[in-house]
Amino acid sequence: MTKEMKALLLNTFVCPGGGHLALNRKIMGWAILAITAVSLALLMTDIMAVSQQVADDILAGKVPLDLTALATEVHQRTMAMDLGYAFWLLVAAWAVGVLDSIRLIVSAK
């Protein structure tokens with residue numbers, strides 16, 4: 001297995017940008033990694049806001065402390081959540097990492 005193929009596997013399954021760092025393509029690797037970290041932080045902020053809303057509703061007595069009711073409430077709120085730009089930024093960072101790794105494999109031949 002070539003080092004470019006290992007980089008593709010790292011970028012695809014472990015961490016976007018990790019394969020580029022393994023190939024000493026530091027600028028591209030750190031850029032992809034930074035975009036991934038920022039998008040994950042934005043997603044976690046949205047998820048924590050929904051979690052806080054559910055917790056507040058439990059404390060206020062609007063949602064019963066029943067596992068089925070809690071699961072239904074969390075599901076409804078997460079489905080209504082607008083993932084927006086943070087999700088697509090994460091997908092774009094992952095896709096750029098994978099596609100650039102494929103480009104490196106093709107150019108190495």
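The values are calculated or read from the model by the stated rules, or taken from the named source; none is laboratory data. Being a predicted model, the structure only gives us computed values, none of them experimental. Here the Cβ is made from the backbone with ideal geometry for all residues, glycine too, and neighbour counts use every protein chain on show. Please note that ligands, DNA and RNA were not included when accessible areas were found on the heavy atoms of the full protein model with its side chains. Shrake-Rupley method; radii C 1.70, N 1.55, O 1.52, S 1.80 Å.
Numerical summary
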item: Local electrostatic count, GLU4, Cβ distance below 14 Å [Lys/Arg +1, Asp/Glu -1]; result: +4
item: Pairwise Lys count, the chain - Cα closer than 20 Å, eight or more residues apart or different chains; result: 4
item: Percent carbon-and-sulfur accessible area, the range 1-104, ignoring ligands, DNA and RNA, probe 1.4 Å; result: 71 percent
item: Accessible area of the range 52-94 divided out per residue, in Å², using a probe of 1.4 angstrom; result: 74 Å²
item: Relative contact order %, the chain, counting alpha carbon pairs below 8 Å whose residues are six or more apart; result: 38 percent
item: Order by protection proxy (mean Cβ within 10 Å, highest first), peptides 13-24, 69-80; result: 13-24, 69-80
item: For the range 15-93: rounded, prolate or oblate by the Cα gyration tensor [a/c cutoff 1.5]; result: prolate
